[in-house]
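Have a look at the structure below before the remarks.
Quick note: the coordinates plus some simple rules give every number you see, no bench work behind them. Being a predicted model, the structure only gives us computed values, none of them experimental. Positions of Cβ are generated from backbone atoms using ideal geometry, with glycine treated the same way; all protein chains shown enter the neighbour counts.
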Amino acid sequence: MVKEIFLYIFLSTIIFKIFQKYFSILVLDKPSFRSSHNKVTPTSGGLVFLLIHFINILLTGNYKLLILLPIGILGFFDDVININQLYRLIFQSLNISIIYFSYFNFSIFNLIHLSSSITFLISLFLGLLLVNCINFMDGIDGLVASNMSLIFLNYAFVNNRDFLGITICLFVFLFYNWCPAKLFMGDSGSTFLGIILFFMIFINKNLNSSLSIFLTASPLLMDSITCILRRLLNRENIFSAHNKHLYQRLQRNGMKHSKVTLIYTFSTFLLLLLSHFNNLIIMSTLVILLFIFGIYLEKKYAMPFKA
């Protein structure tokens, strides 16, 4: 395992250096009204995640994991040419459906005695939710990369090493993505991380384990889901660009990128620690406390939601 770690550190470092050089010319993120950065920055560094994942597949021979790549590839094209939202959702739905039918017999939903149509719809909803919520949260330096790297690292130790390569790659990426970011992951990275998170939850024959993985991602998911619900209640178009997530409003009101990121990352770290007690009640209690803490942060430190 030590040799594998050093190999992935070496490969990730080399590939990121190459990508940063060429993507600073080819794929750029230009600041807009909703951006948290104020300078043009190369993006789609998530393409390195896909390459490292592909190398991991070649080394392990687990070719079935190729099934996770299409969403990331679509994300890369979205970074470059900005694909229509409807087409993105259709493609994501197809990829999630393929995962569902390929892995259903090995999934958590095979243990739940519901009709096949209901389990499919639940899986499709969960997959779309996770892919897009993680994508929505990739708006300030280091936020998604730091949280997902911890979740993936924990998965590598507790479950299996299928995603060891992408885990190491994320830690290397943080050197480029920490504030002030020199490289963004783009949709190629965030949507790919979202589909891996869905896969980790889905491909599991232990309900407690699946729920535990979901709960560890709740600092990211609660912000995103709460924002969507509030925008729906305000009769806003939830598909239009905005900067109303709590993490965005904290940053817009003066809190540094690094401080916001550390708040979310420390919350995820606490949940990961509690997950080793195999007690969902304790984890759920912490999730509720973190939600209350989020309300406190909003009232005291964030720009108002309707500002």
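Mean-square fluctuation check for the chain, GNM, Cα pairs under 10 Å: which of Ile55, Ile112, Ile225 is largest?
Result: Ile112 has the largest fluctuation of those listed.
Stretched out fully, how many nm does the piece from Arg252 to Leu273 gain, at 0.36 nm a residue minus the Cα gap?
That pair, Arg252 and Leu273, stretches by 4.5 nm at full extension.
Between Phe293 and Leu59, what length in nm is gained on full extension when 0.36 nm per residue of separation is reduced by their alpha carbon distance?
Contour length minus Cα-Cα distance gives 79.9 nm.
Under a 10 Å cutoff between Cα atoms, tell me which one of Leu289, Leu272, Leu128 has the largest fluctuation in the Gaussian network model of the chain.
Leu289
Helix-only estimate, please: 222 nm mean residue ellipticity of the chain, summing -39500 (n - 2.57) across DSSP H runs of length 4 or more and dividing by its residues, to the nearest 500.
On the way: 13 runs with 214 residues, N = 307.
The per-residue figure over the chain is -23000 deg cm²/dmol.
Under 28 Å Cα to Cα from Lys30, which lysines show up? Leave out anything in the same chain fewer than 8 places away.
Correct list for Lys30: Lys17, Lys21, Lys39, Lys182, Lys244, Lys256, Lys259, Lys306.
Name the residue from Asn56, Tyr155, Ile81 whose Cα lies farthest towards the positive end of the charge dipole of segment 2-301, charges +1 on Cβ of Lys and Arg and -1 on Cβ of Asp and Glu.
Ile81
What is the gain in length, in nm to one decimal, between Lys306 and Leu233 on full extension, counting 0.36 nm per residue of separation less the C-alpha to C-alpha distance?
Residue separation times 0.36 nm, minus the Cα-Cα distance, leaves 25.1 nm.
How compact is segment 196-295 by the rule of thumb for globular proteins, expressed as Cα Rg over 2.2 N^0.38 Å?
1.19
Enumerate by residue number the chymotrypsin sites (Phe, Trp or Tyr not before Pro) in segment 270-307 meeting two conditions: DSSP loop (anything except H, G, I, E, B), and at most 13 other Cβ atoms within 10 Å of the site's Cβ.
In loop regions of segment 270-307 (DSSP not H, G, I, E or B), the sparsely surrounded chymotrypsin sites (Phe, Trp or Tyr not before Pro) are Phe277.
Short version: ³J(HN,Hα) in whole Hz for each residue of segment 222-233, in order, from phi by Karplus 6.51 cos²θ - 1.76 cosθ + 1.60 (θ = phi - 60°), x for Gly and Pro, what are they?
After applying 6.51 cos²θ - 1.76 cosθ + 1.60, I find 4, 4, 5, 5, 4, 5, 4, 5, 5, 5, 5, 5 Hz.
Suppose a student asked you for the relative contact order of the chain, using Cα pairs under 8 Å spaced at least 6 residues apart; what percent would you report?
23
What is the sum of charges around Cys227, taking Lys and Arg as +1, Asp and Glu as -1, for the other residues whose C-beta is under 12 Å from the C-beta of Cys227? Don't jump to the answer; show the numbers that get you there.
Values: positive: Arg230, Arg231, Lys244, Arg249; negative: Asp223, Glu236, Glu298.
Here the charged neighbours net out to +1.
Using the Kirkwood radius over C-alpha pairs as Rh, can you work out the diffusion coefficient of the chain via Stokes-Einstein at 4 °C, viscosity 1.567 mPa s, in µm² per second?
66
Cβ under 14 Å from Tyr155's Cβ, Tyr155 left aside: what net charge do those residues give with Lys, Arg +1 and Asp, Glu -1?
Neighbourhood net charge equals 0.
In whole Hz, what ³J(HN,Hα) sequence does segment 247-261 give by Karplus (6.51, -1.76, 1.60; θ = phi - 60°), x for Gly and Pro?
So the J values, rounded to whole Hz, are 4, 6, 6, 5, 5, 5, 8, x, 6, 5, 3, 4, 5, 4, 4.
What whole-number value in cubic angstrom gives the convex hull volume per residue for the C-alpha atoms of segment 76-205?
Dividing the Cα hull volume of segment 76-205 by its residue count gives 103 Å³.
Mean-square fluctuation check for the chain, GNM, Cα pairs under 10 Å: which of Thr119, Thr265, Thr285 is largest?
Thr285
Quick check on the exposure proxy: order Ser190, Ser258 from fewest to most C-beta atoms within 10 angstrom.
Sorted ascending by nearby Cβ count, the order is Ser258, Ser190.
Mind checking the alpha-carbon convex hull of segment 172-224 and giving the volume per residue in Å³? Write out the running numbers ahead of the final one.
On the way: hull volume 5.4 nm³, N = 53.
Cα-based convex hull of segment 172-224, divided per residue, equals 102 Å³.
Apply the Karplus parameterisation 6.51 cos²θ - 1.76 cosθ + 1.60, with θ equal to phi minus 60°, to every residue of segment 274-279 and state each ³J(HN,Hα) to the nearest whole Hz, in sequence, with x for glycine and proline.
Taking θ as phi minus 60°, the curve returns 5, 4, 7, 8, 6, 10 Hz for segment 274-279.
Order by neighbour count: Ser224, Ser44, fewest other Cβ atoms within 10 Å first, most last.
With the sparsest Cβ surroundings first, the list reads Ser224, Ser44.
Using the alpha-carbon centroid of each, what span in Å lies between segment 183-245 and segment 249-264?
19
What residues have an amide H closer than 5 Å to that of Leu28, excluding those fewer than 5 places away on the same chain, when H is modeled at 1.01 Å from N in the peptide plane?
Counting only residues 5 or more places away or on other chains, the set is Thr43.
Please give the charge dipole size of the chain, origin at the Cα centre, charges +1 on K and R Cβ atoms and -1 on D and E Cβ atoms. Round to the nearest 20 debye.
The calculation lands at about 700 debye.
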